[in-house]
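Chemist: Have a look at the structure that comes next, please.
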Amino acid sequence: MRDVRFCARCVMPNTRPRIVFDALGVCNGCRFAEEKSRIDWTARRRDFEALIEAGRGRGTYDCIVPWSGGKDSSTIAHRLKAEFGLNPLLVTFSPLIPNAIGARNREAFLNLGFDSIMIRPNQKASRRLARRFLEERGNPKVHWDAGVNAAPVRSAVEQRVPLVLYAEHGESEYGGRVLSEDHRRMRDLTEVLEHQIGDDPANWTDEVIGPRDLAPYLYPAAEDVACVGVKALYFGWFFRWSMAENWQYIQGVMPFATAPNGRTDGTFTNFDSLDDAIDDLYYHLQYIKFGFGRATRDACRMVQNGELTRAEALEKVRAYDDEFPSTHLAEALDYLGLDEAGLARILDTHRNDEIWVFEGNRWRLRHPPR
Amino acid sequence: MLRRRVITVLAFHDGVLTRTKAFEPDTRYTHNLVDLWSIDEIVALDVTRPGSGERGNFLAVVRALAARCFVPLAAGGGVRSMSDAETLLGAGADKVVVNTAALDRPSFIGELARAYGAQAVVVAIDARRAGEGYEVCAAFASRPTGWYPEAWAARAQAEGAGEILITSVERDGSLAGYDLELCRRVADAVSVPVLIAGGAGNWQHFVEGITKGGADAVCTANVYHFTEASIQSAKAHLARAGIAVRA
Amino acid sequence: MRRRLGATRGVKTVVIVDYGLGNLASVASAVAHLGHEPMVTAEPDAVARAERVILPGVGAFGDGMARLRQRGLIAALERVAIERGRPLLGICLGGQLLATESEEFGHHEGLGWLPARVVRLTPNDPTMRVPHVGWNEVRQVAPCPLFEGIADGALFYHMHGYRLEAAEDSIVVGETDYGGGFPSVVRRCNLYATQFHPEKSQRAGLALLANFLERA
């Protein structure tokens, strides 16, 4: 990448994988946010109602909701039950390092009257994969991504529930590559595998990890999915997606615990991605690889929702993007079987020297956000 | 016994490692973790569209790879003349890969073979499904040529090609598995080694490429397949399936 | 994470003959990797004065001989390898050029220093593909300094459609089986030839090159 540019509207750089900037220098995440205000949401809601009427009440569960216990998936689940009278089954793929906040929020939500399944995979394999993917890809959660994507579909097949409702289409919402209009409505499993996970989890065998250890990360066979007729749709296609509104909504239905320090490392928000002690490191790695951190991510979403101006966003990015994730570092290091020096060595192998320069005894962005 | 090969295909856009999907440049990778010790062979392709980059950036990549890898290196993309080929071989490539230029002028293959030996000439064929069969496409799969891949492969061999690299355009960059029928048709039409590419998602696809596609070597362009752990996992899988590979 | 073979001691100049056809860069990288100083040259004088010579090869036989001749390298090679008896390693085509003749693209005379001719590779199983490309075992049929520390049956990278056919069995020290055996390592006194590419054969190849540089 010979020139790093920043979206003229939010502050996302063009180093974000698959993002597209238009002739006016605006990213496709921002363009999509604009588009959302022109969508006939009443018609989309009617489509949704027609869709659920067709399948309602056939079994114990009407649909499956992939559920972390965070503000977004809890809001979806609650609305499905409260507004539409559906009985969703919540499927959680365990965080790598579960923490008290996540557990408390999940428990509080289940008290509102929901069934859930939690899958916690073999931790010997999970730790080994986390370390491997940290080294190879600068992302300790590649296998978790696979598990989160596979678990709801597998539950759908096992429980014979033909509808899975995912939250938002990330490639549209946050800037990425949209393969087709239909991919925005219906989740394409191969798109997830190719873009998000990158290769087939069946490939992750080694001298310790055998094919059976990888079962939690594999999609069910295509025939089985077809047999049950599992359809995976995005809630965000039918209802205007807004993290801020979700945050408001969930606070109205339950006491929602937030980051104890008032904000999370590397950003200025306290309500997002709270349930895995390895997440702070995960976002820091994104900063090292692509040059934009967690504050950029949060600020861009808020600019798109009209909650921050670009100038305010820049201020937040400058203040927080660079912060090293120290709060949960000890737990993350233990999980990865590393000490601080070992982690630092791995982090440096992932620094892209087109983005970073070592100057005055520290790494600096060649192109700071502006 | 001759081992089946697992080959890494690296596509470079203006010198930057790039992935392609259905022949369109897709993501750029930030970190290059190609394991130069466990892989059997490397194919480096310049996928820079004319006018959107400098050839020198690709040559620098070929030089760097040649200096660091002690496995065979084939290089191509935009090879249109003897001097293009000579430049790549001079930069450390062991083989040249030709595609569009050979379709435009088949005798080019023979000129290369006479100068560098047939074993140094890899003819890459990109094909799409067309009706009951397939059609060869030129120029980054943008131009249909009217050739059946099996007919073109046979012609390329007659002209002096030492190996055929057959890629399914539709499967490129997908994880859906190779187009085995396409490979089988080409493998049956020639007696030179055939390399299958486009769509390798998991190790079982490698096995199928060899057992069902009739390929002598399986190629992957997925950057996540290039690491030491991945290559060793792949080779262990092939060995378990009874296919002789280099450990 | 990268494994390196330990660089060997003693830096000696090794001449790699540039006749406009070899995969010179990879041979030079391998030699440099082994801690020696490769000198890639087309200068007949430098070749004639060399302590050790590598004649690499990617190309066709006739063209290779013609280029040696045009550049005045035949006399220089004769001076260094025959008169001065310095170790010479011919790789692939470079090794074939040491033979008496070849049938590749017509009939061509070789340097004639090895009692062997170059013939088309014809596996006895017609379904086997030619050229022979890839990793194959080399069976050590006679002792040779090049094999020191290398397991019998180690894998080397081959890529060729023609092969040596020895007139005297005594020169054949290594054999590869591809629908019938053929000589893949040949030695006569100070002259060595490999049909495969040691510079492309990873650890075993680097070990063989190191043996040539230090033991031949």
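Chemist: Name every residue in region A:328-353 that is surrounded by fewer than 17 Cβ atoms within 10 Å (Cβ to Cβ) and polar (S, T, N, Q), in order of residue number.
Modeler: Across region A:328-353, the qualifying residue is only A:Thr349.
Chemist: Which of the residues that make up region A:319-342 are touching a residue at least 24 places away in the same chain (Cβ under 8 Å) and either among the hydroxyl-bearing types (Ser, Thr, Tyr) or closer than 23 Å to A:Ala125 by Cα (or both)?
Modeler: Filtering region A:319-342 for residues touching a residue at least 24 places away in the same chain (Cβ under 8 Å) gives A:319-329, A:331-332, A:335-338.
Result: A:Tyr320, A:Ser326, A:Thr327, A:His328, A:Leu329, A:Glu331, A:Ala332, A:Tyr335, A:Leu336, A:Gly337, A:Leu338.
Chemist: Examine region C:124-144 for a residue that is basic (Lys, Arg) and either assigned to a loop (DSSP other than H, G, I, E, B) or in contact with a His (Cβ under 8 Å, 6 or more places away or on another chain) (or both), and state whether such a residue exists.
Modeler: Of region C:124-144, the ones basic (Lys, Arg) are C:129, C:139.
Then keep just the ones that are either assigned to a loop (DSSP other than H, G, I, E, B) or in contact with a His (Cβ under 8 Å, 6 or more places away or on another chain) (or both); that gives C:129.
Yes, region C:124-144 contains at least one residue that is basic (Lys, Arg) and either assigned to a loop (DSSP other than H, G, I, E, B) or in contact with a His (Cβ under 8 Å, 6 or more places away or on another chain) (or both).
Chemist: A follow-up question, please. When region A:119-153 is examined, which residues are found to be of a type in the set (Phe, Trp, Tyr) and without any contact (Cβ under 8 Å) to a residue 12 or more places away in the chain? Outline the logic, then answer.
Modeler: Keep residues of region A:119-153 that are of a type in the set (Phe, Trp, Tyr), which gives A:133, A:144.
A:Phe133, the sole residue that qualifies.
Chemist: Among the listed residues B:Val47, B:Val98, B:Val79, which satisfies the condition of being touching a His at 6+ places or on another chain (Cβ under 9 Å) and away from every other protein chain (no Cβ under 13 Å)? Before the answer, list the steps.
Modeler: Values: B:Val98 fails: touching a His at 6+ places or on another chain (Cβ under 9 Å); B:Val79 fails: touching a His at 6+ places or on another chain (Cβ under 9 Å).
The conditions single out B:Val47.
Chemist: Could you list, in sequence order, the residues of region A:209-245 that are closer than 25 Å to A:Gln123 by Cα and within 14 Å of chain B (Cβ to nearest Cβ)?
Modeler: Step one: filter region A:209-245 for residues closer than 25 Å to A:Gln123 by Cα, giving A:209-221.
Result: A:Ile209, A:Gly210, A:Pro211, A:Asp213, A:Leu214, A:Tyr217, A:Leu218, A:Tyr219, A:Ala221.
Chemist: Scanning region B:195-214 for residues that are of a type outside the set (Val, Ile, Thr) and more than 8 Å from B:Tyr178 (Cβ to Cβ), which turns out surrounded by the fewest Cβ atoms within 10 Å (Cβ to Cβ)?
Modeler: The first filter runs over region B:195-214 and keeps only residues of a type outside the set (Val, Ile, Thr), leaving B:195, B:197-206, B:208-209, B:212-214.
Retained after the next criterion (residues that are more than 8 Å from B:Tyr178 (Cβ to Cβ)): B:195, B:201-204, B:206, B:212, B:214.
Numbers: B:Leu195: 27, B:Gly201: 23, B:Asn202: 20, B:Trp203: 25, B:Gln204: 16, B:Phe206: 30, B:Lys212: 13, B:Gly214: 16.
Among them, the one singled out is B:Lys212.
Chemist: To continue, here is another question. In region A:180-208, what count of residues is obtained for those that are at the interface with chain B (Cβ under 9 Å from one of its Cβ atoms) and either assigned to a loop (DSSP other than H, G, I, E, B) or basic (Lys, Arg) (or both)?
Modeler: 6
Chemist: Oh, and also: Can you tell me which residues in region A:343-367 are out of contact with any Lys or Arg (no Cβ under 7 Å at 6 or more places or on another chain), farther than 17 Å from A:Asp280 by Cβ and touching a residue at least 24 places away in the same chain (Cβ under 8 Å)?
Modeler: Within region A:343-367, the subset out of contact with any Lys or Arg (no Cβ under 7 Å at 6 or more places or on another chain) is A:343-349, A:351, A:353-354, A:358-362, A:364-367.
Pick out the ones that are also farther than 17 Å from A:Asp280 by Cβ and you get A:345, A:348-349, A:351, A:353-354, A:358-362, A:364-367.
A:Thr349, A:Arg351, A:Glu354, A:Leu365, A:Arg366, A:His367 - these are the residues of region A:343-367 that are out of contact with any Lys or Arg (no Cβ under 7 Å at 6 or more places or on another chain), farther than 17 Å from A:Asp280 by Cβ and touching a residue at least 24 places away in the same chain (Cβ under 8 Å).
Chemist: Also, quick follow-up: Every residue in region C:178-199 that is among the aromatic types (Phe, Trp, Tyr), within 14 Å of another protein chain (Cβ to nearest Cβ) and within 10 Å of the chain's Cα centre (by Cα), please. Let's see the steps before the verdict.
Modeler: From region C:178-199, those among the aromatic types (Phe, Trp, Tyr) are C:178, C:182, C:192, C:196; that's our starting set.
Retained after the next criterion (residues that are within 14 Å of another protein chain (Cβ to nearest Cβ)): C:178, C:182, C:196.
The one that is among the aromatic types (Phe, Trp, Tyr), within 14 Å of another protein chain (Cβ to nearest Cβ) and within 10 Å of the chain's Cα centre (by Cα): C:Phe196.
Chemist: Restricting the first residue to region B:1-16 and requiring it to be more than 8 Å from every other protein chain (Cβ to nearest Cβ) and part of a loop (DSSP other than H, G, I, E, B), which pairs with a second residue that is buried (at least 22 other Cβ atoms within 10 Å of the Cβ) and among the hydrophobic types (A, V, I, L, M, F, W, C) meet a Cβ separation below 9 Å and a spacing of at least six or different chains?
Modeler: Between residues of region B:1-16 that are more than 8 Å from every other protein chain (Cβ to nearest Cβ) and part of a loop (DSSP other than H, G, I, E, B) and residues that are buried (at least 22 other Cβ atoms within 10 Å of the Cβ) and among the hydrophobic types (A, V, I, L, M, F, W, C), the close pairs are B:Asp14/B:Phe58; B:Gly15/B:Phe58.
Chemist: Now a separate question. Which of the following residues is closer than 22 Å to B:Ile7 by Cα, of a type outside the set (Asp, Glu) and assigned to a helix (DSSP H, G or I): B:Ala85, B:Ala101, B:Ala115?
Modeler: Values: B:Ala101 fails: closer than 22 Å to B:Ile7 by Cα; B:Ala115 fails: closer than 22 Å to B:Ile7 by Cα.
Selected residue: B:Ala85, the only one of B:Ala85, B:Ala101, B:Ala115 that is closer than 22 Å to B:Ile7 by Cα, of a type outside the set (Asp, Glu) and assigned to a helix (DSSP H, G or I).
Chemist: Would you point out which residue out of B:Val43, B:Val62, B:Val98, B:Val16 is at pLDDT below 85 and of a type in the set (A, V, I, L, M)? Reasoning before the result, please.
Modeler: On the way: B:Val43 fails: at pLDDT below 85; B:Val62 fails: at pLDDT below 85; B:Val98 fails: at pLDDT below 85.
Just one listed residue meets the conditions, B:Val16.
Chemist: Follow-up question, since we're still on this one. Restrict the check to region C:68-87 and report whether at least one residue is part of a loop (DSSP other than H, G, I, E, B), of a type outside the set (Ser, Thr, Tyr) and within 12 Å of chain B (Cβ to nearest Cβ).
Modeler: Filtering region C:68-87 down to residues part of a loop (DSSP other than H, G, I, E, B) leaves C:71-72, C:84-87.
Those left that are additionally of a type outside the set (Ser, Thr, Tyr): C:71-72, C:84-87.
Filter again for within 12 Å of chain B (Cβ to nearest Cβ), leaving none.
No, there is no match, as no residue in region C:68-87 is part of a loop (DSSP other than H, G, I, E, B), of a type outside the set (Ser, Thr, Tyr) and within 12 Å of chain B (Cβ to nearest Cβ).
Chemist: Inspect all residues belonging to region C:95-115 and state whether any of them is part of a loop (DSSP other than H, G, I, E, B), farther than 16 Å from C:Gln195 by Cβ, more than 8 Å from every other protein chain (Cβ to nearest Cβ) and among the polar types (S, T, N, Q).
Modeler: Scanning region C:95-115, I find at least one residue that is part of a loop (DSSP other than H, G, I, E, B), farther than 16 Å from C:Gln195 by Cβ, more than 8 Å from every other protein chain (Cβ to nearest Cβ) and among the polar types (S, T, N, Q), so the answer is yes.
Chemist: Related question: Restricting to region B:224-242, give me the number of residues that are assigned to a helix (DSSP H, G or I) and either farther than 19 Å from B:Leu36 by Cα or among the hydroxyl-bearing types (Ser, Thr, Tyr) (or both).
Modeler: Taking region B:224-242 and keeping what is assigned to a helix (DSSP H, G or I), we get B:224-225, B:228-240.
Applying the additional criterion that residues be either farther than 19 Å from B:Leu36 by Cα or among the hydroxyl-bearing types (Ser, Thr, Tyr) (or both) yields B:224, B:230, B:233, B:237-240.
Looking only at that region, the number is 7.
Chemist: Same structure, new question: Which residues, counting only those in region A:74-106, are over 18 Å from the mean Cα position of the chain (by Cα), in a loop (DSSP other than H, G, I, E, B) and surrounded by fewer than 19 Cβ atoms within 10 Å (Cβ to Cβ)?
Modeler: Residues satisfying the conditions are A:Glu83, A:Phe84, A:Gly85, A:Asn87.
Chemist: Next question. Check whether at least one residue in region B:129-150 is in contact (Cβ under 8 Å) with a residue 12 or more places away in the chain, closer than 17 Å to B:Gly214 by Cβ, surrounded by 20 or more Cβ atoms within 10 Å (Cβ to Cβ) and within 14 Å of chain C (Cβ to nearest Cβ), and report yes or no.
Modeler: Scanning region B:129-150 turns up no residue that is in contact (Cβ under 8 Å) with a residue 12 or more places away in the chain, closer than 17 Å to B:Gly214 by Cβ, surrounded by 20 or more Cβ atoms within 10 Å (Cβ to Cβ) and within 14 Å of chain C (Cβ to nearest Cβ).
Chemist: Okay, moving on. Under 9 Å between Cβ atoms, which residue pairs at least 6 apart in sequence (or on different chains) link something in region C:79-97 that is surrounded by fewer than 24 Cβ atoms within 10 Å (Cβ to Cβ) with a partner that is in a strand (DSSP E or B)?
Modeler: Listed pairs, sorted by first residue: C:Ile82/C:Leu191; C:Arg86/C:Val53; C:Pro87/C:Val53; C:Pro87/C:Leu191; C:Pro87/C:Tyr192.
Chemist: Now a separate question. One residue is enough: does region A:321-337 have a residue meeting the conditions away from chain B (no Cβ under 14 Å) and more than 29 Å from A:Ser94 (Cβ to Cβ)?
Modeler: In the first step, residues of region A:321-337 are kept if they are away from chain B (no Cβ under 14 Å); the result is A:321-337.
Pick out the ones that are also more than 29 Å from A:Ser94 (Cβ to Cβ) and you get A:322.
Among the residues of region A:321-337, at least one is away from chain B (no Cβ under 14 Å) and more than 29 Å from A:Ser94 (Cβ to Cβ), which makes the answer yes.
Chemist: Take A:Leu89 and decide whether it is in contact with a Leu (Cβ under 6 Å, 6 or more places away or on another chain), at pLDDT 95 or above and under 22 Å from A:Met254 (Cα atoms). If you could, list the steps in order and put the result at the bottom.
Modeler: Numbers: in contact with a Leu (Cβ under 6 Å, 6 or more places away or on another chain): no; at pLDDT 95 or above: yes; under 22 Å from A:Met254 (Cα atoms): yes.
Taking the combined requirement at face value, the residue does not satisfy it.
Chemist: Name the single residue, out of those in region A:19-29 being touching a helix residue (DSSP H, G or I) at 6+ places or on another chain (Cβ under 7 Å) and either surrounded by fewer than 21 Cβ atoms within 10 Å (Cβ to Cβ) or of a type in the set (S, T, N, Q) (or both), that is nearest to A:Ala319 (Cα to Cα). Steps first, please.
Modeler: If we filter region A:19-29 for residues that are touching a helix residue (DSSP H, G or I) at 6+ places or on another chain (Cβ under 7 Å), which is where we start, we get A:19-20, A:22, A:29.
Within this subset, residues satisfying the condition of being either surrounded by fewer than 21 Cβ atoms within 10 Å (Cβ to Cβ) or of a type in the set (S, T, N, Q) (or both) are A:19-20, A:22.
Values: A:Ile19: 24, A:Val20: 26, A:Asp22: 28 Å.
Of everything passing the filter in region A:19-29, A:Ile19 is nearest to A:Ala319 (Cα to Cα).
Chemist: Testing B:Val207 on (1) at the interface with chain A (Cβ under 8 Å from one of its Cβ atoms); (2) β-branched (Val, Ile, Thr); (3) without any contact (Cβ under 8 Å) to a residue 60 or more places away in the chain, one condition comes back false. Which one is that?
Modeler: (1)
Chemist: Please find, within region B:210-247, the residue that is farthest from the other protein chains (Cβ to nearest Cβ) out of those that are in contact (Cβ under 8 Å) with a residue 60 or more places away in the chain and basic (Lys, Arg).
Modeler: So the residue we want is B:Lys235.
Chemist: On the given criteria, is A:Glu136 within 14 Å of chain B (Cβ to nearest Cβ), in a helix (DSSP H, G or I) and under 20 Å from the mean Cα position of the chain (by Cα)? Lay out the reasoning, then the answer.
Modeler: On the way: within 14 Å of chain B (Cβ to nearest Cβ): yes; in a helix (DSSP H, G or I): yes; under 20 Å from the mean Cα position of the chain (by Cα): no.
So A:Glu136 does not fit the description; no.
Chemist: Continuing with the same structure: Select, from C:Ala216, C:Ala193, the only residue that is in contact with a helix residue (DSSP H, G or I) (Cβ under 8 Å, 6 or more places away or on another chain) and in a loop (DSSP other than H, G, I, E, B). Quick ask: steps written out before the conclusion?
Modeler: Working: C:Ala193 fails: in a loop (DSSP other than H, G, I, E, B).
The conditions single out C:Ala216.
Chemist: With the requirement that a residue be among the hydrophobic types (A, V, I, L, M, F, W, C) and surrounded by fewer than 24 Cβ atoms within 10 Å (Cβ to Cβ), what does region C:54-67 give you? Before the answer, list the steps.
Modeler: Just the residues of region C:54-67 that are among the hydrophobic types (A, V, I, L, M, F, W, C), to begin with: C:54-55, C:58, C:60-61, C:65-66.
Result: C:Met65, C:Ala66.
The values are calculated or read from the model by the stated rules, or taken from the named source; none is laboratory data. For clarity, every value in this text was computed on a predicted model and none was experimentally measured. Neighbour counts run over all protein chains shown; Cβ positions are idealised from the backbone, glycine included.
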